[in-house]
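Rule-based calculations on the coordinates, nothing more; no lab input. Since this is a predicted model, take the numbers as computed values, not measurements. Virtual Cβ from ideal backbone geometry, glycine too; neighbours counted across all protein chains shown.
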Amino acid sequence: MSERTVITFGTFDVFHVGHIRVLQRAAALGDRLVVGVSADALNISKKGRAPVYSQDERMEIVASLRVVDDVFVEESLELKRDYIVEHGADVLVMGDDWAGKFDWVSDVCEVVYLPRTPSVSTTGLIEHIASLAP
Ligand code: C2G
């Protein structure tokens, strides 16, 4: 049987335990995990600010993980189907904050939404660190 490729997407800014857990659970659904790391420009246009870590730094962190086989830059949310086809993915995994949002790619692959890890977020960490400043 051919290997099963899993694809997932994210910003992975200020990398934390919620990020590693979703990547570990995604990897466990197949043989190979490919990760689209969102471009700085995509974050600026969608969230109105640049990530704390640059896209090169975020790509380097995600690529270094044992559960990750390949990384690429996600330039646009609308290109999801193209990325899935290009990387030969059999399954798209997203955290359930995106539940239902990417069902439109289910013609090219299976779509799975995994529960988020509670009580940890990049925004929360940034606020916590900012509160430590004198
Ligand atoms: N995540 C999680 N638990 C948390 C925080 C994040 O499981 N406590 C998951 C998210 O659900 C997502 C992944 O970690 O699957 C990356 O989260 P973000 O970096 O916040 O990614 P986001 O900006 O939502 O992705 O195509 C999607 C875009 O790339 C945006």
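Would you say E75 is among the charged types (D, E, K, R) and within 27 Å of P118 (Cβ to Cβ)? Criteria not met by E75.
Within the stretch 69-79, not a single residue is surrounded by 13 or more Cβ atoms within 10 Å (Cβ to Cβ), within 13 Å of the ligand (Cβ to nearest atom) and at positive phi.
Which one is nearest to the ligand (Cβ to nearest atom), of the residues in the stretch 1-47 that are surrounded by fewer than 16 Cβ atoms within 10 Å (Cβ to Cβ) and of a type in the set (S, T, Y)? Looking at residues that are surrounded by fewer than 16 Cβ atoms within 10 Å (Cβ to Cβ) and of a type in the set (S, T, Y), I get S45. Across the stretch 48-60, what is the number of residues that are touching a residue at least 40 places away in the same chain (Cβ under 8 Å) and loosely packed, with under 15 Cβ neighbours inside 10 Å? Going through the stretch 48-60 one residue at a time, the tally reaches 1. Can we say P115 is surrounded by fewer than 13 Cβ atoms within 10 Å (Cβ to Cβ), of a type outside the set (A, V, I, L, M) and under 22 Å from D31 (Cα atoms)? Yes. Remark: pairs (first residue in the stretch 102-130, within 19 Å of F12 (Cα to Cα); second residue part of a loop (DSSP other than H, G, I, E, B) and of a type in the set (A, V, I, L, M); Cβ separation under 7 Å; 6+ apart in sequence or on different chains) = V112/L29; Y113/A99; T122/V14; L125/V14; I126/V14; I126/V52. Among the residues of the stretch 120-130, is any hydrophobic (A, V, I, L, M, F, W, C) and either within 21 Å of L29 (Cα to Cα) or outside any helix (DSSP H, G or I) (or both)? The answer is yes; a qualifying residue exists. Taking E86, is it more than 13 Å from the ligand (Cβ to nearest atom) and closer than 21 Å to V120 by Cα? It is false that E86 is more than 13 Å from the ligand (Cβ to nearest atom) and closer than 21 Å to V120 by Cα.
Against the conditions (1) farther than 22 Å from E3 by Cβ; (2) free of Cβ contacts under 8 Å to residues at least 24 places away in the same chain, L77 satisfies every one except (2). Look through the stretch 89-101, keep the residues that are closer than 15 Å to G10 by Cα and surrounded by fewer than 19 Cβ atoms within 10 Å (Cβ to Cβ), and return whichever of them is nearest to the ligand (Cβ to nearest atom). Looking at residues that are closer than 15 Å to G10 by Cα and surrounded by fewer than 19 Cβ atoms within 10 Å (Cβ to Cβ), I get D97. Selection of first residues in the stretch 11-24 that are of a type in the set (A, V, I, L, M) and of second residues that are within 8 Å of the ligand (Cβ to nearest atom) and assigned to a helix (DSSP H, G or I), restricted to Cβ pairs under 6 Å at least 6 apart or on distinct chains, gives the following pairs, ordered by first then second residue: V14/T122.
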